[in-house]
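To start, the structure under review is shown below, and the notes come after it.
The values are calculated or read from the model by the stated rules, or taken from the named source; none is laboratory data. On a predicted model such as this, the values are computed, not experimentally measured, just so you know. Glycine gets a Cβ as well: all are built from the backbone with ideal geometry, and neighbour counts include every protein chain shown.
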Amino acid sequence: MLKTTSEMRDIPEIMELSEMDAVFYLTGSRYFGTARTRSDWDFFTNDPGVGERLLDAGWQTVAADTHYLDTAYGKGRVHVQVVQDAARKRRVQMYLYRVLRLGRLPKEQAKALWSVVDNLIEVIEWKEKYGQTQRTE
């Protein structure tokens, strides 16, 4: 399932995604509100069957460069990342958007910041799951 906007409905590749029985989340510059006129459309999902369906529909495998990705697919100006933990990626993304609100950053700085927030959330989740450990001196 993919909620589409009127702008998305003009893009055939996005309409292909909206017809699939999978959950897709918007990410990248369009999610963060920093897209330019020619910016691509980035989505992620954790549905493992999406990759095969995309390839059958003429999508291509594209390079993936973050630890969230198993594989990324592209067609036209639309990219889909198939991730192992969509819930965690969403938490990191929402933190970056809602709390930091940094706007457009150079790609390398954005990747570094994403990694820092991801590690911070990992520590917070660990502490929530296992409790605070006592400090030893």
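Conditions tested, residue by residue: (1) modelled with pLDDT of 85 or more; (2) closer than 18 Å to LEU26 by Cβ; (3) among the hydrophobic types (A, V, I, L, M, F, W, C).
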position	(1), (2), (3)
ARG101	no, yes, no
LYS111	no, no, no
LEU120	yes, no, yes
LYS129	no, no, no
GLN134	no, no, no
Problem - Among (1) surrounded by 13 or more Cβ atoms within 10 Å (Cβ to Cβ); (2) touching a residue at least 12 places away in the same chain (Cβ under 8 Å), the one test that GLN84 misses - result: (1)
Handout entry: Subset of segment 58-72 [surrounded by 13 or more Cβ atoms within 10 Å (Cβ to Cβ) and either farther than 13 Å from GLU13 by Cα or at pLDDT below 95 (or both)]
Key = VAL62, ALA64, THR66, TYR68, LEU69, THR71, ALA72
Handout entry: Given (1) of a type outside the set (Val, Ile, Thr); (2) more than 30 Å from VAL123 (Cα to Cα); (3) in a helix (DSSP H, G or I), index of the condition GLY74 fails
Key = (3)
Handout entry: Qualifying residues in segment 29-57 (those that are surrounded by fewer than 18 Cβ atoms within 10 Å (Cβ to Cβ) and closer than 17 Å to ASP85 by Cα) - the one modelled with the lowest pLDDT
Key = PRO48
Completion exercise
Matching residues in segment 19-38 (in a loop (DSSP other than H, G, I, E, B) and touching a Ser or Thr at 6+ places or on another chain (Cβ under 7 Å)) number 4
